[in-house]
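Single-structure report; data block below.
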Amino acid sequence: MTKLEAIKRINEYLGEPALNDKNTHYSNVVVYGTDEGWWLKIPFLTFKQELHFVFNNEKTKTYQYLKINANQILSPGLKFRSSDGCADAFISAANPKRLIDLLAGGSKYNFTRHVVHEYRH
């Protein structure tokens, strides 16, 4: 599954072109230490806009669609580890830590509240 394929499928499910290449962050599952999950690097200024995320997992043949509304996270610099003016996050794919940012220096932000839907490939 590529970013563009996921965007196309999700927009079809939604019935509107809400996601595009510029407002959507895409990540495949990778191994990080003893965990598996998704890496994100999101410029702090983009939290003022509506953000869309696609977390792909080739192993389970699923992808998750998450949405953060504009200004829903008002102080991302206090919630995430900062790296070059960006929120740097590693979101766990493992239960029971699922969808929690595990990087040191962050607030262990839980992305569960932003899940819109999980799809199968």
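Points worth noting:
- Applying the criterion of being of a type in the set (D, E, K, R) and at pLDDT below 95 to the residues of region 82-100, the residue that is nearest to SER27 (Cα to Cα) is ARG98.
- Between GLY37, GLY15, the distinction of being at pLDDT 95 or above, closer than 13 Å to ALA93 by Cβ and not aromatic (Phe, Trp, Tyr) belongs to GLY37 only.
- Scan of region 1-55 for residues that are of a type in the set (S, T, N, Q), under 27 Å from LYS108 (Cβ atoms) and surrounded by fewer than 17 Cβ atoms within 10 Å (Cβ to Cβ), ordered by number: ASN23, ASN28, THR34, GLN49
- Sole exception among (1) free of Cβ contacts under 8 Å to residues at least 12 places away in the same chain; (2) part of a strand (DSSP E or B) for ASN11, by number: (2)
- Applying the condition of being among the small types (Gly, Ala, Ser) and in contact with a helix residue (DSSP H, G or I) (Cβ under 9 Å, 6 or more places away or on another chain) to region 76-116 and asking which residue is most open to solvent (accessible area, probe 1.4 Å) yields SER82.
- Residues located in region 63-75, provided they are under 27 Å from ARG9 (Cβ atoms) and open to solvent by 30 Å² or more (accessible area, probe 1.4 Å): LYS67, ASN69, ALA70, GLN72
- Cβ-Cβ distances below 9 Å connect the following pairs, each with a first residue in region 52-70 that is at negative phi, a second residue that is open to solvent by 20 Å² or more (accessible area, probe 1.4 Å) and of a type in the set (Gly, Ala, Ser), and a separation of six or more residues or different chains: HIS52/ALA18; PHE55/ALA93; ASN57/ALA93; LYS59/ALA93; THR60/ALA93; LYS67/ALA18.
The values are calculated or read from the model by the stated rules, or taken from the named source; none is laboratory data. The structure presented is a predicted model; accordingly, all values stated were derived computationally and were not measured. Neighbour counts run over all protein chains shown; Cβ positions are idealised from the backbone, glycine included. What goes into the accessible areas is simple: the full protein's heavy atoms, side chains included, and nothing from ligands, DNA or RNA. Shrake-Rupley method; radii C 1.70, N 1.55, O 1.52, S 1.80 Å.
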